[in-house]
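The structure under discussion appears below in the form of structure tokens.
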Amino acid sequence: MNHKHHIIPKHMGGTDDPSNIIELTVEEHSQAHLMLYEQYGKKEDLCAYYMLSGKNKDPEFIKSRASIGGKASYQKRIEQGTSHLGYLGAELSEEQKFNISSSGGKIGGKRNAESGHMREIQKLSDCSAAGKKGSETCRKEKKNSFFDPVLRQKASVNGGKIQGKINAESGHLKKICKLSKRNTGMFWITNGTDSKLIRPGEIIEDGWRKGRVQKAKV
């Protein structure tokens, strides 16, 4: 089966006039575009060569196709007035750039609102709702560390390591080391209401025991 080939490619201004079209085999067609690419360096011809040769998975083809698509998208944005990068090389004032950017933002915002994308984003940004949903799932499936003692122990160990690393990197441990050692060896005792520190060897009075009352935060 023969292909119709534009002698002057359409991307270079060629037309569909019969005088600009010849019939070639697939192999001849691919080589024709390769020759055009080697002569003029147009990526459109390189892409045509790869496609006609069955090499459309070649990295160079993928790269060239992406480049052509990007340029086409850029040109379309310029024509629609949604790009502040310039109108075919024209210099733009800061006010013009701002107006174009604003226009592009409104168009993008409208599309996101109509597609429901903004609603999904809002759901993701609701940390409280996301946390509650995750907690409910954990309770139902009983898979998190609160229900599994082995996982709870692993979580505690990992948490300690992470906090220890943070303390070391922040210099917090160095500050702790510089503190007075006057309380070394002392321990807390409590009577159920009050707490106090005593030194090793001191007698624990009746009604007191080792431990400390944790006062609720107001």
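Any read-out appearing in this document is the output of simple, stated calculations on the displayed coordinates, not a laboratory observation. All of these numbers come straight from a predicted model, not from anything done at the bench. With ideal geometry, Cβ positions are generated from the backbone for all residues, glycine too; neighbour counts draw on all protein chains shown.
Starting from the amide H of Phe187, placed 1.01 Å from N in the peptide plane, find each other amide H under 5 Å away whose residue is 5 or more places distant or on another chain.
Ile198
Of the listed pairs Lys110/Lys132; Lys57/Lys110; Lys10/Lys55, which have alpha-carbon separations greater than 28 Å here?
Lys110/Lys132; Lys57/Lys110
Would you mind computing, in nm to one decimal, how far apart the modelled labels at Ser156 and Glu94 are, each placed 7 Å from Cα along Cα→Cβ?
6.0
With a Förster radius of 41 Å, plug the Cβ-Cβ distance of Glu141 and Arg209 into 1/(1 + (r/R0)^6) and report the FRET value to the nearest 0.05.
The formula returns an efficiency of 0.55 here.
If you plug each phi of the range 9-16 into the Karplus form 6.51 cos²θ - 1.76 cosθ + 1.60 with θ = phi - 60°, what whole-Hz ³J(HN,Hα) values come out, in order, with x for Gly and Pro?
Running phi through 6.51 cos²θ - 1.76 cosθ + 1.60 with θ = phi - 60° gives x, 5, 6, 10, x, x, 10, 8 Hz.
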